[in-house]
1. Among (1) modelled with pLDDT of 95 or more; (2) assigned to a loop (DSSP other than H, G, I, E, B); (3) within 24 Å of the chain's Cα centre (by Cα), which single condition is Ala17 missing?
2. Kindly establish whether Gly306 is surrounded by 19 or more Cβ atoms within 10 Å (Cβ to Cβ), touching a residue at least 60 places away in the same chain (Cβ under 8 Å) and either farther than 26 Å from Arg102 by Cβ or over 19 Å from the mean Cα position of the chain (by Cα) (or both).
3. Which members of segment 267-280 meet the condition of being in contact with a Ser or Thr (Cβ under 7 Å, 6 or more places away or on another chain) and either of a type in the set (Val, Ile, Thr) or not in a loop (DSSP other than H, G, I, E, B) (or both)?
4. Among the residues of segment 368-395, count how many are under 26 Å from Tyr126 (Cα atoms), assigned to a strand (DSSP E or B) and not aliphatic (A, V, I, L, M).
5. Between Val282, Val300, which is at pLDDT 95 or above and either of a type outside the set (Ser, Thr, Tyr) or more than 30 Å from Arg141 (Cα to Cα) (or both)?
6. Of all residues in segment 1-14 being surrounded by fewer than 21 Cβ atoms within 10 Å (Cβ to Cβ) and within 18 Å of Ile112 (Cβ to Cβ), which is nearest to the chain's Cα centre (by Cα)?
7. Can you tell me which residue within segment 232-266, out of those that are assigned to a helix (DSSP H, G or I) and in contact (Cβ under 8 Å) with a residue 24 or more places away in the chain, is nearest to the chain's Cα centre (by Cα)?
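The values are calculated or read from the model by the stated rules, or taken from the named source; none is laboratory data. All figures in this text were calculated on a predicted structure; none of them were measured in a lab. Counting neighbours? That spans all protein chains shown, and the Cβs are built from the backbone with ideal geometry, glycine included.
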Amino acid sequence: MKRVVVGLSGGVDSSVAAYLLKEQGYEVIGLFMKNWHDDSVTISKECPWLDDSNDAMLVADKLGIPFQTVDLSEEYRERIVDYMFNEYEKGRTPNPDVLCNREIKFDVFMKIALSLGADFVATGHYCRKGETVVEGETVYRLLAGKDQNKDQSYFLCQLSQDQLSKTLFPIGELQKSEVRKIAAEQALVTAEKKDSQGLCFIGKVRLPEFLQQKLQPKEGAIVEISASEEKYSTLIPDFTNKQEELDFLSRKYTYEPSEGKIVGRHQGAHYFTKGQRKGLAVGGTPEPLFVIETDVETNVIYTGQGKDHPGIYRRALLVSREETHWVRPDLQPEVGAEMKVQARIRYRQPLQEATLYQKENGLYIVFDQPQASITEGQFVAWHLEDELIGSGVIS
């Protein structure tokens, strides 16, 4: 009997994952991760982790498996929360869920599980693990979940071969409706429980309020840039080499306040992100305003009218060498090589046709179609069909 430690979150997915593993004959241990209980950064009067840990305990009891809570809040603060504040302060938009998986669930938590003699760690993620053999070595594949509406491979885009080798995804072959049905049949307390929303650690949180605890409000201007601004009609120049073309396609538009008109005030550029529409509190425009750029140095937010504003779109992006990660290192192209892939720049975005260009300074991704709100600090993940093979932080 192999021993598996399941990260029981108090939700239906991890509950059913634990049940399925027990049915398959594994020795199952349930662990609940307590990631946040800092009263100095209050989120809301509700205390979701207490309810969640209670539900996790009831599920473990029902399944007859050992259960305990592990407090990872110290590591969480250092590796996730501090990182988030730093990124927002720099005007980047981090993805705490991807980081939580890389730094906490599949690192700190996995080490605790292995110290308990576990052969594997299991989670309730909607994705699958495959294997192939390359030059006589087993190579692990990260595959999309069978439920296309719930595929969560994007959140695991930073996992390594070593982490994948010790991980199981028991519900990856199932639809969400099937997972709920199993939970109901087994009378698990989580069967009807709503999926948790919000950040992977604090549950019900409104991000600006959370950020305001550390990043001080600072009033600045909201500037509207016209869609007919000259820079958007730049003719594509003749390039002398591929590098020039890639740099041109992946460049950001830069703005000066004098290029537009002031239409409102905000409480801090670092609270806003590209593509954002809510929270601007500016009315009276024929079409809604969207954030097209933020400048945390000058504390100015640049906006444009309508979701088709040209300032929102770009054809390409760059991932620096240091921030490029290959789930499948054996597929990494040589410098100078290119590769056809499908890629996404945010969770739930349909996969987009793209080409990777590996250059000395990093990896360029050029999309067949322009992409809306390519955002620094977010993760881009690239696939070959249903296999996620690599990812990186957009620079």
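1. (2)
2. When the stated conditions are applied, Gly306 does not pass them.
3. Ala269, Thr273 - these are the residues of segment 267-280 that are in contact with a Ser or Thr (Cβ under 7 Å, 6 or more places away or on another chain) and either of a type in the set (Val, Ile, Thr) or not in a loop (DSSP other than H, G, I, E, B) (or both).
4. 8
5. Numbers: Val282 fails: at pLDDT 95 or above.
When all the criteria are applied, what remains is Val300.
6. Arg3
7. Ser250
Matching residues to (1) out of contact with any strand residue (DSSP E or B) (no Cβ under 6 Å at 6 or more places or on another chain); (2) more than 16 Å from Asn35 (Cα to Cα):
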position	(1), (2)
Phe85	yes, yes
Lys90	yes, yes
Cys100	yes, no
Met110	no, no
Phe120	no, yes
Arg128	no, yes
Val133	yes, yes
